[in-house]
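Asker: Questions regarding the structure given below will be posed in turn.
The values are calculated or read from the model by the stated rules, or taken from the named source; none is laboratory data. This is a predicted model, so every value here is computed, not measured. A quick note on method: Cβ atoms are made from the backbone with ideal geometry, for glycine too, and the neighbour counts reach across all protein chains shown.
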Amino acid sequence: MIKRDSDCPLCGAKLTPGELLDACGELLSPELGVLAARCPHCQGYIEVRPTPGSLLIGYLKDGATPIFETLITLPCADLEIRLNAAPARLTATLSGRSWAFTE
């Protein structure tokens with residue numbers, strides 16, 4: 001089940017799309033576009049998968065084929081994502097700002 005709100009799964013703080021993207025660091029999974037992040041409120045470790053129109057908060061499940069398990073969906077209608085395979089790079093654009101993440 002996907003919980004659709006904008007609370008940190010660790011501390012319950014409200015998150016905005018911009019502050020969550022600011023909190024992201026490295027690209028963990030170039031195949032899935034998953035980023036490592038620290039909640040800007042509690043500094044707890046979370047994983048984020050930006051997709052066009054939303055930020056998915058959850059975790060990577062290891063296995064023969066890695067998958068991303070979504071816990072929370074943070075809608076952001078104007079979020080644009082570009083994922084390049086070589087070199088591995090994810091670029092996010094939102095409200096005139098942009099972020100670039102690499103492995």
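Asker: Filter the range 20-31 down to residues that are free of Cβ contacts under 8 Å to residues at least 60 places away in the same chain and closer than 14 Å to Ala92 by Cα, then give me how many there are.
Answerer: Adding up the residues that qualify gives 2.
Asker: Show me the strands (runs of 3 or more DSSP E) entirely contained within the range 64-103 in which 1 or more residues are polar (S, T, N, Q) and either surrounded by 15 or more Cβ atoms within 10 Å (Cβ to Cβ) or modelled with pLDDT of 95 or more (or both).
Answerer: By residue number, 67-75, 89-94, 97-102.
Every residue, every condition in (1) crowded, with 16+ Cβ neighbours inside 10 Å; (2) in contact with a strand residue (DSSP E or B) (Cβ under 6 Å, 6 or more places away or on another chain); (3) within 20 Å of Thr102 (Cβ to Cβ), yes or no:
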| residue | (1), (2), (3) |
| --- | --- |
| Ala36 | yes, yes, yes |
| Cys42 | no, no, no |
| Ile57 | yes, yes, no |
| Leu60 | yes, yes, yes |
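Asker: Kindly list the number of the only condition in (1) farther than 16 Å from Glu31 by Cα; (2) in contact (Cβ under 8 Å) with a residue 40 or more places away in the chain that fails for Glu80.
Answerer: Glu80 satisfies all of (1) farther than 16 Å from Glu31 by Cα; (2) in contact (Cβ under 8 Å) with a residue 40 or more places away in the chain except (2).
Asker: Still on this structure, please answer the following. How about the range 49-73: which of its residues are under 15 Å from Thr93 (Cα atoms) and either hydroxyl-bearing (Ser, Thr, Tyr) or in contact with a helix residue (DSSP H, G or I) (Cβ under 9 Å, 6 or more places away or on another chain) (or both)?
Answerer: Our first condition is that a residue be under 15 Å from Thr93 (Cα atoms); within the range 49-73, this holds for 49-55.
Answer for the range 49-73, where residues must be under 15 Å from Thr93 (Cα atoms) and either hydroxyl-bearing (Ser, Thr, Tyr) or in contact with a helix residue (DSSP H, G or I) (Cβ under 9 Å, 6 or more places away or on another chain) (or both): Pro50, Thr51, Ser54, Leu55.
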